[in-house]
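Everything on this sheet refers to the single structure shown next.
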Amino acid sequence: MEYKPRPIDTSQITLSEDVLELTELLAKNTHENWARQRLSEHWRYGAERNDERREHPGLVSYEELTEVEKQYDRNTALETLKTIVSLGYRIEPPARSAQAQEGAPDAASDTDAALETLKRPGALALGDLLAIWQARDPARWARSAELYQRLGARLLKLGELLLAYDVVSEGLKPWPDDLRLRQLQAHALTRLGATERANALLLALYAEGQRDEETVGMLARTHKDLWQQADDPLERERQLQQSYKFYEEAYRLTGGYWTGINAATVALLSGRREHARALAAEVRALCLAELRRTEEAGGDRYWTLATLGEAALISEDWTEAARRYDEAVQGDRQLGELTSTRRNARLIIEYLGGDPAFVERHLPVPKVVVFAGRGAADRQAPAEAEESVRRVILERLIELNAGVGYTAVPTHGGAPFLEAMLETGGETHAVLPCEVSELLKAESIEGDESRAERGARYESVLGRITSVVAASEQNMTAGGMSGEYSRLLLHGLALIRAKQLDTELIPLALLDGHLATALEGQPDFVASPVEGADARAGSDDPGGIYGSQATAAPPGAKPAPELGAVAGGFGFDTRMVALLFADAVNFSKLTEAQIPVFVRDFLGAVGSLVARFQPAPLLKNTWGDGLYLVFEDVQAAGRFALDLSDLLNATDWTLRGLPADLNLRIALHAGPVYACTDPVTQKDNFIGTHVSRAARLEPITPPGQVYASQAFAALAAAERVHGFTCDYVGQTPLAKKYGTFPTYHVRRTRKSNA
C-alpha cells in the first residue's frame, strides 16, 4: 500500500518574531540529540556513512554541517513550533528585563555581540570576560546555552575556576540537560578539588550513555584524583585501575590523543611500563600528524606540543621532553593549561625518579604575589614618588614572573602595585578593610586633596582590576580589627589562588624605603631601594588599618593576630572568632508529641557533642530549633561542624519517632565581633555585623551539609588547617536579600600520603 504522509496543516500559522528566534536553537538541539544518540550506540565520525563500521559524516558540531543539512533541522524545528501553535497552545518568550520594558535599547544586540566576541579565535583577557559577564541580561542569556558554554570554557582555560563554576551553574538552570554545560561544571569541580562531586556528575552522564571523549576522559581524570587522595592501599589500587580503564576506553573509542596520552601515563603509574611506552609511541605519531596540520593552518599548537613532551617523558627521552615543553610555553599561555600539564609531568618524573626541578625549568607558572606593604606615606608622598614606586614594583614583578597579584587597598604602595600588575596584564585582586565609603570616613585627609578626590582615586584603580573584596561592610575601628582581619583575608585568598595554580606565593613589601620579597626557604628579604618612598606608619592611620610595622612574613608563617586575639575599645572587647549557626530542617512540622522527643534526643545528642568537644566553644546558645556557637579559631569550628554533621547524618531518627529527614543546616563564618556581657541575660555574648552574615548564610545551606563563607575558607587557608578543606560551590544569594557571596562546601580530607 502506498504511504501518504498527512502532517498537521500549519500553512496558515504565522509565528511572532520572538518565537521565530527559537528556530535556530531548536535546530541545533535537534542535531545535538541525534548525535548524542548515535554516539551512545558507539557510532563515530567517518567521511562516508558505513553502517557496518558505525561511521557517519554527520557526527560533527552543528556549526560544521552544510547549509543543506542545517536547513533540514531548521524545517523540523519550525514545523514543530507551528504545530504547537496550531493545536491551541501558546508560546511566550521569557519576560524581558525591567530595563527593556521601560523602553531601553533591546539587549539582543549586546547578547549577539557577546557571543561573537566569545566565538572569536585567540585569547581574551580576563577583564574582557568579566565585562561580558557583568553586563549580561539574564533573561536574554537564558535563551542560549552556547553563551554559557563558551564563556565557561574560556574562563576554565584562563584558570578562573570560581567564576567558571558560577557561569555554568547559572546556565544549567535554563538548560539542565545540556551536555556541554554539565561537562564544564564537572571540569570546574575537578580542578577546584571537589573530586567526589565531579565524579558523581560524570558517572551520571556515563550511565546515561555518554561515551564521548570529553565525558569518559574526565571521568578517568576524577578516578586518578581519587587515587591520589586515597589512604587505603586497596582503594588506591582500585581507583588507579578505574582511571586506566576509562582512559583506555575513551582512547580506543575516539582515537583522541589527549585520552591516549593519559592512558599511557596511568598505565606507567600502574606498573605497565612497556604498554605505556607503546601507547606513548602511538600518541606521538598522532601528534606529529596533528602538528603538521596545525602549523599549516596557523592554529594553536600548545596541547599538541605538551602531549609530545609527555610522551617523551614516558619514554624517558628527557632531551626531547624538554624541547617540546619549551616550545609549548613560548608566548602567553593560559594558567589552566599550564597547571594541568605540570600536574602530569610531576607524576611521571616522580615515578621514574627524575629531576624534580625539571618541571620548574621547562613548565614555569607565573607566581602569585601578595603585596604586604604598609604605612600611610603614599597619602603624603608627591606624585613623582608614587610613580617611582610603581616603576620599581613593575621591574620586580617582571623579574619574579608574577601573574597574579593581591594587595590591601589602600596600603603604602597599594595603588602603584595594582597599576604595575595591570601593566603586566596579570590578574589583580584587592582586599579592603571595609567599603570605600566607610574607609573614606575613617581616613584623615591632608594637603590639597579632598575626600571626593581621594574616593575618585580609589575607584579609578579598583574599577579596572579583576576583583575587589570588602572584608567588612563597616569599619571596626576598635583595636584595628578591620585592618587585621583584611590582612588575614588577603593572605588566605592569595594562598588559595596559589594552590589552585600549583605555583609559589611570594610576599612583597616596602621596608624602610626598600622593596623586599620573601622567598620560600629564604627568611631574609632581597631588597632594592625605592627612590622617594617612605614606609613609616603614619599617625593618621585610622583604627590600625595599615598596621604599625612594615613587615612581611615568609610563606608558611601564621599571620598575626590569630583568631581569638583581643583588643580593647569603646568599653567592649573586639575579637576575631569563628561563628557557627545551625537550624533544624522541618522543625515547624513536628507534632506536639514529637517536640519533647526532639529536645531530649536530637538536641540532647547535640548537647553531648558540645560537652565533650575540645577546645570548648566560647559561647553556646540555642532557641528552639536554632543553634549558635562561637569558637576561638576556624580549625575548631570546622572540626566541630563536621563532627556534628556526621553524628546527625548517621542517626536513624525514625527509631525515636521523629521524621526520617530531620537534620541541620550548618553554616560557618569568621570575622571580627564585639565581645560583651549581655545586659539582659548577664551572660557573655558576641555581636556585630559578622554575626548577622553567618546567620544569613545558614538558611541557604543544604540539609545535612556544612557551608562556609569565603572569609572562613580564606582564614582556614591562612591558618593552614588540617582535617578538612573548603570547596567552592558558587555565588550564593543569602537570605533576607542580603546579597550574594562566594560560598564553600566544607568536607573532610584524607590523611596525607606523604
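The values are calculated or read from the model by the stated rules, or taken from the named source; none is laboratory data. Predicted model only: the values in this text are computed from it and were never measured. Virtual Cβ from ideal backbone geometry, glycine too; neighbours counted across all protein chains shown. Heavy atoms of the whole protein, side chains included, go into the accessibility calculation; ligands, DNA and RNA do not. Shrake-Rupley method; radii C 1.70, N 1.55, O 1.52, S 1.80 Å.
So if each residue of separation counts as 0.36 nm, and I subtract the Cα-Cα distance between Ala47 and Glu296, what length gain in nm does that give?
On the way: separation 249, 0.36 × 249 = 89.64 nm, distance 2.12 nm.
Gain in length upon complete extension: 87.5 nm.
For Leu619, the residues whose amide H sits under 5 Å from its own are Val630, ignoring neighbours fewer than 5 places away on the same chain, with H placed 1.01 Å from N.
Computed packing ranks the peptides 154-167, 588-601, 74-87 as 154-167, 74-87, 588-601, most packed first, by mean other Cβ atoms within 10 Å.
Looking at segment 151-268, the accessible area is 34 square angstrom per residue; that uses a 1.4 Å probe and ignores ligands, DNA and RNA. Over segment 653-715, accessible surface divided per residue gives 38 Å², non-protein components excluded, 1.4 Å probe.
Starting from 0.36 nm per residue, how many nanometres of slack lie between Ala289 and Ala207 once their C-alpha separation is accounted for? Working shown, then result.
Values: separation 82, 0.36 × 82 = 29.52 nm, distance 3.39 nm.
Gain in length upon complete extension: 26.1 nm.
Taking 0.36 nm per residue of separation and subtracting the Cα-Cα distance, full extension of the segment from Glu423 to Tyr89 would add 114.6 nm. Taking max minus min of the alpha-carbon positions on each principal axis, segment 177-311 gives extents of 44, 38, 26 Å, largest first. Within the accessible surface of segment 129-249, defined with a 1.4 Å probe on protein heavy atoms only, the carbon and sulfur portion equals 54 percent.
Rolled with a 1.4 Å probe across the full set of protein chains, the surface gives Arg252 an accessible area near 120 Å².
Compute the relative contact order of segment 146-266 as a whole-number percentage, counting only Cα pairs closer than 8 Å that sit 6 or more residues apart in sequence.
Details: 142 pairs, mean separation 19.9, N = 121.
In percent, rounded to a whole number, it is 16.
Between the C-alpha center of segment 677-732 and that of segment 32-94 there is a gap of 49 Å. Surface calculation, 1.4 Å probe, protein heavy atoms: Trp258 sits at approximately 80 Å² accessible. Per atom type, segment 634-737 shows carbon and sulfur on 52% of its accessible surface, probed at 1.4 Å.
For the pairs Lys157/Lys499; Lys119/Lys245; Lys70/Lys157; Lys119/Lys157; Lys173/Lys589; Lys28/Lys173, note any where the Cα-Cα span goes beyond 25 Å. From the list (Lys157/Lys499; Lys119/Lys245; Lys70/Lys157; Lys119/Lys157; Lys173/Lys589; Lys28/Lys173), the Cα-Cα distance tops 25 Å for Lys119/Lys245; Lys70/Lys157; Lys173/Lys589. Charging the Cβ of each Asp and Glu at -1 and of each Lys and Arg at +1, and nothing else, the dipole of segment 258-348 about its Cα centre rounds to 300 debye.
Residues whose amide H comes within less than 5 Å of that of Thr428, counting only those at least five positions distant or on another chain, are Gly405, Thr466, Ser467 (H built at 1.01 Å from N in the peptide plane).
Going by average Cβ density within 10 Å per residue, which order do the peptides 639-647, 289-297 take, highest to lowest? Kindly include the intermediate steps, with their values, before the conclusion.
Working: 639-647: 19.0, 289-297: 12.3.
The most tightly packed comes first, giving 639-647, 289-297.
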